[in-house]
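The values are calculated or read from the model by the stated rules, or taken from the named source; none is laboratory data. Not measured: the values here are computed from a predicted model. With ideal geometry, Cβ positions are generated from the backbone for all residues, glycine too; neighbour counts draw on all protein chains shown. These area figures cover heavy atoms from the full protein model, side chains too; ligands, DNA and RNA do not enter into them. Shrake-Rupley method; radii C 1.70, N 1.55, O 1.52, S 1.80 Å.
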Amino acid sequence: MQLPEHPARRLAVQVSGSHGQEPIAMIHGISGSALFANRFGKALKQRYSIIAVRGMGLEPGETPYDSVEEISANYFDGLSSATGQHPRVIGGICLGGLLAIEVGRLTFEATGERPALLLIDPPPLGSAWLKPMADNRMTAQRRRQITRKVVYWRLLRDTLAAVGLGQSRLGRHTRQKAFKSMLVRAAAGFSPSSYPCDILVVASSEWSATTVEQYKDWASENTRVETVVMPGTHDKFRAANMDAIDAAIIAFLDARRAPAGMPVR
C-alpha cells in the first residue's frame, strides 16, 4: 500500500496479518526492503497486523533521507497517517532497530505513553560500521570513507538514470547501493538517548549476543528491557529460529499488557 504523498514526507508500507488487530510497525533493515515481514509466521500474524515499512530511495525518482532525525520523523508521520493513531508498538530489523527507537521517542513525546519496541539484531550503539567489531569508534577517517561511498554510488545511480538505464538490472543495483550508503552515513556513530519505554531485544544468533548486553547497559531506570539470544550461527538462523522469535514477541507483548506489567531488568 502506498500512502498519500506529502511534499516533504513519503512512506511506503506493506500490510499483512490480521487487519482488525493491534498494528505492529516493523521498520526495514539495511537493504530497505519490506520483504523481511514474510519471515514472521502465522502465530504472530493471526494476532497482530504487521505494517512493514520499506526504505525511501529504492524506486526511481526517490531520494534517500539524510539523517536519523529526518527518517524517524517521516516514518512517525506516515505510520500515524496510515493507522489513524501514533505507533505504539514499533519494531525494527537490523539498523531498523535504531530507527524504531527514535520513532518510539516521538510517540512518547506526543502521547506521554510508553511505546513497546521490538528490536531484532539491532546494530551496536554508536558503531561506525553498524555491526559488531573490535573497534567501532567513529573517527574522521572513517567518516570520510563512508561519505566517499555515498558520493560514488549516488553519482553512478544518477548517471545510469540520465542515460535511461535506471530500470536496468545495473540501475536497480546502483540505486540500492546508493540507498544503503546513505543509510549507513545517516546512522553510523549514532547512539539514541534512553527514555521511558519497554524493549524486547532479540539476537537471532549468538553472533549478536554482545550487542544485546550493550542495550541492557544503555537502558535507564525508566526503560524496561527484556533480551533473548537464539542459538546458532548468524547465517543459519532464519529457518530454525523464526518461530522462536515470533513466540518471544508474543510473550513480550502479552506480559506487557498483563496488570502487573513486565519485571524490570
Can you find a residue that is within 26 Å of W207 (Cβ to Cβ) and open to solvent by 20 Å² or more (accessible area, probe 1.4 Å) anywhere in the stretch 149-168?
yes
Determine, yes or no, whether V184 is in contact with a helix residue (DSSP H, G or I) (Cβ under 9 Å, 6 or more places away or on another chain), assigned to a helix (DSSP H, G or I) and either open to solvent by 70 Å² or more (accessible area, probe 1.4 Å) or in contact (Cβ under 8 Å) with a residue 40 or more places away in the chain (or both).
yes
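Quick grid of which residues meet (1) in contact with a Ser or Thr (Cβ under 8 Å, 6 or more places away or on another chain); (2) modelled with pLDDT of 85 or more; (3) farther than 21 Å from V202 by Cβ:
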residue: R10; (1), (2), (3): no, no, yes
residue: G20; (1), (2), (3): yes, no, yes
residue: I27; (1), (2), (3): no, yes, no
residue: N74; (1), (2), (3): no, yes, yes
residue: G84; (1), (2), (3): no, yes, yes
Please work out which one of (1) buried (at least 20 other Cβ atoms within 10 Å of the Cβ); (2) farther than 21 Å from L253 by Cβ is the condition Y75 fails and give its number.
(2)
Inside the stretch 103-122, can you point out the residues that are touching an Asp or Glu at 6+ places or on another chain (Cβ under 8 Å) and among the β-branched types (V, I, T)?
T107
Identify all residues within the stretch 133-171 that are aromatic (F, W, Y) and over 23 Å from the mean Cα position of the chain (by Cα); write none if there are none.
Y152
Those residues of the stretch 157-169 which are outside any loop (DSSP other than H, G, I, E, B) and either more than 29 Å from G97 (Cα to Cα) or in contact (Cβ under 8 Å) with a residue 60 or more places away in the chain (or both) amount to D158, T159, L160, A161, A162, R169
Which of the residues belonging to the stretch 80-132 are open to solvent by less than 10 Å² (accessible area, probe 1.4 Å), more than 12 Å from A187 (Cα to Cα), more than 11 Å from the chain's Cα centre (by Cα) and of a type in the set (A, V, I, L, M)?
V89, A116
